[in-house]
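Colleague: This is the structure I have questions about; it appears just below.
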Amino acid sequence: MWKNIVAAPADSILGLTEAFRNDPNPQKVNLGVGVYKDDAGKTPILACVKAAEKLLLERETTKSYLPISGDPVYAACVQKLLFGEDGEVVANRRAATVHAPGGTGALRVGADLLKKFMPKATVWLSSPTWANHKGVFATAGFPLSEYAYYDPATKDVDFAGLTRDLQAIPAGDIVLFHTCCHNPSGVDLDQGQWREIVEIARERGWLPFLDFAYQGFGIGVEEDRYAVEQFAASGLDFLVASSFSKNFGLYNERTGALTVVSPTAAESTVAMSHLKTVVRVIYSNPPAHGGLVTATILSDPDLHRQWLGELAAMRERIVAMRSALVDGLNARGVAGDFSYIKRQRGMFSFSGLSDATVAWLRQHRNIYVVGGGRINLAGLTSKNIDYVCDAIAEALRS
Ligand code: PLP
Ligand code: TYF
């Protein structure tokens, strides 16, 4: 059947990983795919995860199916991470959470749910956004549109453009936001800006959908959820797609969650009933391991504390690499102000490098950067930072 069918193009970021893997040069550096690496260049299993896995191995008594919505202890833990220990949303049972396979699975479950009840909606994405957002929402059947977000001239949020666009989005459309650590720009909204956005959502009546893939990678677990708290306090309907791939290092365990927040507990019960029907026909019920690991860690005060420490270490290493990169470029007399790289948050930076520079770095220095100039700071280490700074300095001179 495939004889006359043209092959689909490879995912550009994963294609870059493939090319990196096949590159025999020992000095090669991968600043592409969004995976955390430690200073040895490895993506480690967190010690709290290993400890939780040991406990699970001893305690687990069955591999029977989980409920359609996943482990209820996991759902409660997710809600505490989103709304705090004594969040009003939790107390009033206004949130319905299902364990989804990764943040991507959560986005897709949310998209399929919304398509059933908002079939005519357009989904609005930030310009630019994570490429897979387009694929997920388009495949669920939504037309897509973009709102202004990143301004390459100021290397900051184009907030005037953003509010102008959000004010023009009609009621009944869906607006996707990056809660923190915007991928690919690294440029986040501040607290005052989030409050304005919540007000616009209230006035205009569009539905907010928060993609929360990097909780704890920005400033901290609590600081990073500011947007979630503000939308929760507004009493509006909204959705949150959580991912624990990065902050628990559980990439291949497909650990995420979709949380639908409603104005009342009665509505939340209805939302959960429809969430289950959506999940039932895609994967029936979620894989258990990652959710059980996360729930084990978050339910145990010692493991929880250990996780916060390990998460802080990942975040702080990335911040240190931001400084090392900016200082390294300045020390080499590279023209231009790179201080914006220090202001950006999370794993990524729109480095400001042109596609021509990106191509030069790959061809001449075996340094792999995504087209558009997005750098994964976690790919930098104390061993390769000088090599990378030398290479960028030379690329910008040539
Ligand atoms: N959303 C954003 C913005 C991401 O960057 C990612 C992963 O890179 C995801 C969602 C998906 O995460 P997961 O690997 O848990 O599916
Ligand atoms: O680097 C990024 O932006 C992501 C990373 O199944 C990624 O695309 C890679 C594979 C995957 C999910 C996310």
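Colleague: For the range 61-142, what ratio Rg/Rh do Cα atoms give with a Kirkwood hydrodynamic radius?
Modeller: My calculation puts Rg/Rh at 1.04.
Colleague: Just 250, 107, 162 to compare: in a GNM of the chain, with alpha carbon springs under 10 Å, which one fluctuates most?
Modeller: In this elastic network of the chain, the residue with the biggest mean-square fluctuation among 250, 107, 162 is 162.
Colleague: For the chain, modelled as a Gaussian network with Cα springs under 10 Å, which listed residue fluctuates most, 127, 273, 245?
Modeller: Looking only at 127, 273, 245, the biggest GNM fluctuation is shown by 273.
Colleague: Report the FRET efficiency, 1/(1 + (r/R0)^6), for residue 363 and residue 117, where r is their Cβ-Cβ distance and R0 is 41 Å, rounded to 0.05. Spell out each step's value before the answer.
Modeller: Numbers: r = 50 Å, r/R0 = 1.21.
After rounding to 0.05, the efficiency reads 0.25.
Colleague: Also: What does the highest-first list of 181-189, 195-203, 213-221 look like by mean Cβ count within 10 Å?
Modeller: Numbers: 181-189: 24.6, 195-203: 16.4, 213-221: 21.9.
My ranking of the peptides, most packed first, is 181-189, 213-221, 195-203.
Colleague: Okay, moving on. Rule-of-thumb check for the range 84-128: C-alpha Rg over 2.2 N^0.38 Å?
Modeller: Rg over 2.2 N^0.38 Å, computed on Cα atoms: 1.49.
Colleague: Give the span of the range 1-72's Cα atoms along each principal axis, as three whole-Å numbers ordered largest to smallest.
Modeller: Projected onto the principal axes, the Cα atoms of the range 1-72 cover 46, 45, 18 Å.
Colleague: A follow-up question, please. Over all alpha-carbon pairs in the range 65-299, figure out the percentage whose distance exceeds 31 Å.
Modeller: Every Cα pair in the range 65-299 considered, those over 31 Å come to 14 percent.
Colleague: Which lysines, if any, have their Cα less than 19 Å from the Cα of residue 50, not counting same-chain residues under 8 positions apart?
Modeller: 37, 42, 246
Colleague: Would you please name the chymotrypsin sites (Phe, Trp or Tyr not before Pro) within the range 49-129 that are DSSP coil residues with at most 15 other C-beta atoms within 10 Å of their C-beta?
Modeller: Working: sites: 65, 74, 83, 117, 124; in loops: 65.
Here the chymotrypsin sites (Phe, Trp or Tyr not before Pro) that fit, given the DSSP loop and packing criteria, are 65.
Colleague: Could you calculate the contour length gain from residue 86 to residue 160, that is, 0.36 nm times the residue separation minus the distance between their Cα atoms, to one decimal place in nm?
Modeller: Length gained between residue 86 and residue 160: 23.1 nm.
Colleague: Here is a further query. Would you mind telling me the antiparallel percentage of the DSSP bridges in the range 65-299, rounded to 5?
Modeller: Roughly 45 percent of the beta bridges in the range 65-299 run antiparallel, per DSSP.
Colleague: For residue 73 and residue 171, compute 0.36 nm times the residue count separating them, minus their Cα-Cα distance, and round to one decimal in nm.
Modeller: Net length gain for the segment: 31.8 nm.
Colleague: Report relative contact order for the range 65-299 in percent, whole number only (criteria: Cα-Cα under 8 Å, sequence separation at least 6).
Modeller: Once divided by the residue count of the range 65-299, the mean separation gives 31 percent.
Colleague: Here's something else I'd like to know. Among all the aspartates and glutamates, which ones have a C-alpha under 12 Å from residue 276's C-alpha, if same-chain residues fewer than 8 places away are not counted?
Modeller: Residue 276 reaches 112.
Colleague: Is the C-alpha gyration tensor of the range 2-144 telling us rounded, prolate or oblate? Criteria: a/c under 1.5 is rounded; beyond that, a/b larger than b/c is prolate, otherwise oblate. Write down the numbers at each step before the final one.
Modeller: Details: a/c = 1.87, a/b = 1.14, b/c = 1.64.
The shape class here is oblate.
Colleague: Under a 10 Å cutoff between Cα atoms, tell me which one of 159, 244, 142 has the largest fluctuation in the Gaussian network model of the chain.
Modeller: Of the options given, 159 has the highest mean-square fluctuation.
Colleague: Nothing charged except the Cβ atoms of Lys and Arg (+1) and of Asp and Glu (-1): what's the magnitude of the dipole of the chain about its Cα centre? Round to the nearest 20 debye.
Modeller: That gives a dipole near 1000 debye.
Colleague: Now for a separate question. Express in nm, to one decimal, how much length is gained between residue 14 and residue 337 on full extension, taking 0.36 nm for each residue of separation and deducting their alpha carbon distance.
Modeller: Value of the extension gain: 113.2 nm.
Colleague: Stick to the Cα atoms of the range 199-273, pair each with every other, and give me the Kirkwood hydrodynamic radius in Å at one decimal.
Modeller: 13.5 Å
Colleague: In Å, what is the Rg of the alpha-carbon atoms in the chain, and how long is Dmax?
Modeller: Taking only Cα atoms of the chain, I get Rg and Dmax of 21.3, 64 Å.
Colleague: Further question on the same structure: Return the loop-located trypsin sites (Lys or Arg not before Pro) in the range 293-388 (DSSP other than H, G, I, E, B) with at most 15 other Cβ atoms within 10 Å of their own Cβ; answer none if there are none.
Modeller: Of the trypsin sites (Lys or Arg not before Pro), the ones in loops of the range 293-388 whose Cβ has at most 15 other Cβ atoms within 10 Å are 332, 383.
Colleague: Given 389, 350, 371, which one lies farthest toward the positive end of the charge dipole of the range 342-398, if we put +1 on the Cβ of every Lys and Arg and -1 on the Cβ of every Asp and Glu?
Modeller: 350
Colleague: Taking the chain as the reference, fit the longest principal axis to its C-alpha atoms, fit the long axis of helix 102-117 to the helix C-alpha atoms, and give the angle between the two in degrees, 0 to 90, nearest 10.
Modeller: Here the helix axis deviates by roughly 50 degrees.
Where a number appears in this text, it was derived from the coordinates with a stated rule and is not lab data. Quantities reported herein were computed from a predicted structural model and do not represent experimental measurements. Note that we place each Cβ from the backbone using ideal geometry, even for glycine, and neighbour counts take in every protein chain shown.
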